Amino acid sequence: MQDEIITLALAKGRLAEQTFDLLEHMGIDCSQPRNPGRQLVLWDEKNRIRFILVKPSDVPTYVDHGVADLGVVGKDTLMEAGRPLYEVLDLTFGKCRLCVAGYAGGGNASVTRATFRVCTKYPNIARSYWGAQGRTIEIIELHGSVELGPVIGLSDVILDIVESGSTLRANGLTVLEEVCDVSARLVCNRVSMKTKRDRIRSLIDGLDEQVRRMNQAMMEA
Ligand code: PRP
């Protein structure tokens, strides 16, 4: 049904901006969410699309509870949230790597402790990554500037995203292990996928086509 409302949860910032670029090529009006002011619920009324702009880590929460039908979020945030959502499309932008980083050769001599310590914004991923290796670790959860961990002697390594690598370099750290590639993903609520199937399918297909066009244009540039 064309008059069903579709609610889209977007992580504020660059991922949202790049999603608007794709949606606008599909004829969706993103003028309200592009300039939201203090408003948190924005509309393209003609196309019956409602946008909510939220913190990245809250996108899976809104979609899982079904108050948003679709969401755009980084694969890192999605893995950390561990919620039962359908991951329906790799949007291919927002590319970076989730890595273990620290001093090359294991080194901060000032760190002498019994347990292997990891500073990270991703405690759940860290637990499962080292758990799969049968390794016991102590996780220290931080919410930013994670690189400080080894530098200041709080941890042996970090588990964090690396994009250009410049934060690591600036702090004398290096990638020790690559955990996985990260990019923006389109996720869908499981119930919405059934109850609003046609509208959701056409949005997924439209975005898929735009992602292909975007990548084709980048290759030709
Ligand atoms: C992210 C990440 C790294 C940095 C990686 O932090 O946690 O610190 O970007 O990017 P780079 O490889 O291009 O240097 P963010 O900028 O989101 O800030 P935060 O440390 O406050 O989380």
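Every number in this text was worked out from the coordinates using simple rules, so none of it is lab data. In this text, all values refer to a predicted model and were calculated from it rather than measured experimentally. Note: ideal-geometry Cβ built from the backbone for every residue, glycine included; neighbour counts use all protein chains shown.
Ranking Y86, Y62 by Cβ neighbours within 10 Å, fewest first, what do you get? Present the calculation step by step, with values, prior to reporting the outcome.
Details: Y86 16, Y62 21.
Going from least to most buried by this count: Y86, Y62.
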Practice task
Determine, for each peptide in 63-69, 136-142, the mean count of other beta carbons within 10 angstrom over its residues, then list the peptides with the highest first.
Solution key: 63-69, 136-142
Practice task
Just grab the label-to-label distance for D21 and D205, each label 7 Å out from Cα along the Cβ direction, in nm (one decimal).
Solution key: 2.5 nm
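Can you give the charge dipole size of the chain about its Cα centre, rounded to the nearest 20 debye, using +1 on the beta carbon of Lys and Arg and -1 on the beta carbon of Asp and Glu? Intermediate values should be presented prior to the final figure.
On the way: 27 positive and 29 negative charges, 78 e Å.
Dipole of the chain, to the nearest 20 debye: 380 debye.
Hey, which of these cross-link pairs are over 25 Å Cα-Cα: K121/K194; K12/K121; K46/K95; K121/K196; K55/K75?
Details: K121/K194 33 Å; K12/K121 18 Å; K46/K95 32 Å; K121/K196 34 Å; K55/K75 14 Å.
Table pairs above 25 Å Cα-Cα are K121/K194; K46/K95; K121/K196.
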Handout entry: Alpha carbon centroid spacing (whole Å) that separates region 156-221 from region 1-65
Key = 17 Å
Practice task
Considering Cα pairs under 8 angstrom that are at least six residues apart, work out the relative contact order of the chain and quote it in whole percent.
Solution key: 27 percent
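Mind ordering 27-39, 200-212 by average Cβ neighbours within 10 Å, highest first?
Numbers: 27-39: 13.9, 200-212: 16.5.
Highest-to-lowest ranking by the protection proxy: 200-212, 27-39.
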